[in-house]
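FYI, it's all coordinate maths here, none of it is from the lab. Computed from a predicted model, the values in this text were never measured in an experiment. As a convention, Cβ positions derive from the backbone with ideal geometry for all residues, glycine included, and neighbour counts pool all protein chains shown.
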Amino acid sequence: MATPTEEPTITMETCGDDVSDPTMETIGVLSDVSMASRSLPVGVVSTNFKVTRGFGGIAENAKVNVDRLYLRQVMTGWDANQSDLIQPNAVTGLGKTAVNNWGVYDGAGSKAELVAKTHGMHTLAGKWSNWFTLAFVVGRFEASTLQVMGANDEDEADNDWAIVGGTGEFAMARGIIRRRVYSITNNTLTHALTIEFFCHMTEVSV
């Protein structure tokens, strides 16, 4: 499969379609502007982030959209990033449980940069149930986290995971991660992720 070639960008725009709404504030559109030309340090984010300000009186003051992220699940080998904890029922597979430290990258190719790590577990209980902390490791979002839960069938090509909390720049996050299978090799399953959530940021700016 082809490796995405788009340059990572960060864009910000008004929230919603009705720009006359007084609760919405235009920050400005920075579409397709290289992050290196902005005031923040190079590498502040490695993918296409869109942050929107203005949600009236509710606690959340920002909406974040992230795309072109790729989660690599390496199941066996010297570089495996998951390990079995509980052996399953030999017939049904029920109860199989593994701890995972999956990497999330800004591209699908070998030169992609690490954006986040997923620290958590997954267990087979009819479906694969996943729960993990998505810990970001880049720029202004370093040490910020998302708490993620969700289930999928073993052969399910795509599904959604819920974002049920967050810390740091993503405090009080709530939203969704849309997951689809991007590629399968001998020992690696790569998932393409699209993330959308609301949160309370200390400063909503680029």
Convex hull per residue volume in Å³, alpha carbons only, for the stretch 92-169: 105
Extension gain from ASP160 to ASP67, taking 0.36 nm per residue of separation minus the Cα-Cα distance: 32.1 nm
Near-label residues of the stretch 176-197 by backbone N, under 17 Å of a point 7 Å along Cα→Cβ of THR76: 184-190
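Taking 0.36 nm per residue of separation and subtracting the Cα-Cα distance, what length does fully extending ARG174 through ALA143 add?
Taking ARG174 through ALA143 to full extension adds about 9.4 nm, to one decimal.
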Full-extension gain in nm, SER129 to VAL99, via 0.36 nm per residue minus C-alpha separation: 9.6 nm
The stretch 66-101 residues near the modelled LEU114 label - backbone nitrogen below 19 Å, point 7 Å along Cα→Cβ: 69-83, 99-101
Ordering of 84-93, 65-74, 136-145 by burial proxy (mean other Cβ atoms within 10 Å per residue, highest first): 65-74, 136-145, 84-93
